[in-house]
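The values are calculated or read from the model by the stated rules, or taken from the named source; none is laboratory data. Predicted, not measured: the structure shown is a model, and the values here were computed from it. All Cβ positions, glycine included, derive from the backbone under ideal geometry; neighbour counts span all protein chains shown. Quick note on the areas: whole protein, heavy atoms, side chains included, nothing else; ligands and nucleic acids left out. Shrake-Rupley method; radii C 1.70, N 1.55, O 1.52, S 1.80 Å.
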Amino acid sequence: MSDIVNLYLDLLKKCVGNFIHDDDLDLSRGKFVLDPESGKYFSDEPPQAEASLKFQGGIWPSRAHTMIGMPRLNNIQYCVEEVLRAGVRGDFIETGVWRGGATIFMRGLLKAYGVTDRMVWVADSFEGLPRGDPIRYPKESHAEFHKLRDLAVSLDEVRKNFELYGLLDDQVRFLKGWFRDTLPRAPIRELAVMRLDGDLYESTMDALGNLYAKLSPGGFVIVDDYNAVKSCNDAVEDFRKERQITTELSMIPGAGAFWRKEAG
């Protein structure tokens with residue numbers, strides 16, 4: 001069975017990241033430039049995507065269901081398999097899901113291992129990013145992420161993407177709205193893996209502040225934008241300092257970082 005499971009999970013990663021077919025940077029209509037703060041390519045009339053960039057998660061692909069690339073998908077697999085192996089209690093969540101590919105992969109991992117007592121929480125505004133508030137958060141990014149309509153993927157579209165893989169069921173729960181509104185009252189009891197992909201200082205801090213207390217000892221925090229967006233780094237470092245977290249922060253190739261929660 002292990003060979004079958006591995007084959008399914010490898011294929012699922014290749015599908016959600018669209019590594020099987022050619023892709024292009026279909027943000028349409030102009031020339032592509034690399035934004036130094038976010039590490040992503042923006043613009044119009046894009047050229048054909050370079051396979052190495054897509055593999056690393058350095059582009060916004062036109063058809064893939066996730067833009068995070070293979071190293072960060074492998075990191076999700078490592079963290080999920082480790083908490084299952086170690087019996088760490090709790091559900092999985094991603095805050096900021098775009099087209100849903102990372103959470104689809106989380107649900108596929110549970111399916112592959114026959115786990116029926118954990119949920120995958122899919123948290124997003126499904127309307128794009130909020131406008132940054134540098135007055136309230138002085139370390140907030142100056143990037144105008146709220147203007148990037150390609151980040152606004154509707155709840156209906158994400159649900160349909162889950163259906164394409166046969167993975168939309170009662171182990172998938174959606175939290176629609178700004179994190180500041182949904183996460184404080186989310187009916188989540190325990191978490192084993194929390195993956196944050198909110199780009200902004202505020203969004204990252206909202207997720208950490210509202211969810212970290214629910215993370216079981218031995219569970220993982222994954223921060224997608226670490227080393228890609230400075231405001232995200234600042235939020236993580238401020239939170240860890242405030243909570244006196246000294247656990248090693250491990251880097252993911254390309255971008256992103258994670259750490260494991262120690263017993264309190």
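Which of the residues that make up the range 107-149 are within 29 Å of residue 78 (Cα to Cα) and in contact with a Ser or Thr (Cβ under 9 Å, 6 or more places away or on another chain)? Even if it seems obvious, please write down each step before you answer.
Pass one, the range 107-149, residues within 29 Å of residue 78 (Cα to Cα): 107-126, 128-129.
Answer for the range 107-149, where residues must be within 29 Å of residue 78 (Cα to Cα) and in contact with a Ser or Thr (Cβ under 9 Å, 6 or more places away or on another chain): 110, 120, 121, 122, 123, 124, 125, 126, 129.
Would you check if there is a residue in the range 63-71 being closer than 30 Å to residue 234 by Cα, open to solvent by 20 Å² or more (accessible area, probe 1.4 Å), at pLDDT below 95 and touching a Leu at 6+ places or on another chain (Cβ under 7 Å)? No, every residue in the range 63-71 fails to be closer than 30 Å to residue 234 by Cα, open to solvent by 20 Å² or more (accessible area, probe 1.4 Å), at pLDDT below 95 and touching a Leu at 6+ places or on another chain (Cβ under 7 Å). Of all the residues in the range 201-218, those that are touching a Ser or Thr at 6+ places or on another chain (Cβ under 7 Å) and among the aliphatic types (A, V, I, L, M) number 1. Identify all residues within the range 133-151 that are assigned to a loop (DSSP other than H, G, I, E, B), open to solvent by less than 50 Å² (accessible area, probe 1.4 Å) and at pLDDT 85 or above; write none if there are none. Residues satisfying the conditions are 137, 140.
Of the residues making up the range 152-196, those that are free of Cβ contacts under 8 Å to residues at least 12 places away in the same chain, in contact with a Lys or Arg (Cβ under 9 Å, 6 or more places away or on another chain) and open to solvent by 80 Å² or more (accessible area, probe 1.4 Å) number 1. Here the range 185-225 is the region considered, the condition is being assigned to a loop (DSSP other than H, G, I, E, B) and at pLDDT 95 or above, and the residue that is nearest to residue 152 (Cα to Cα) is 197.
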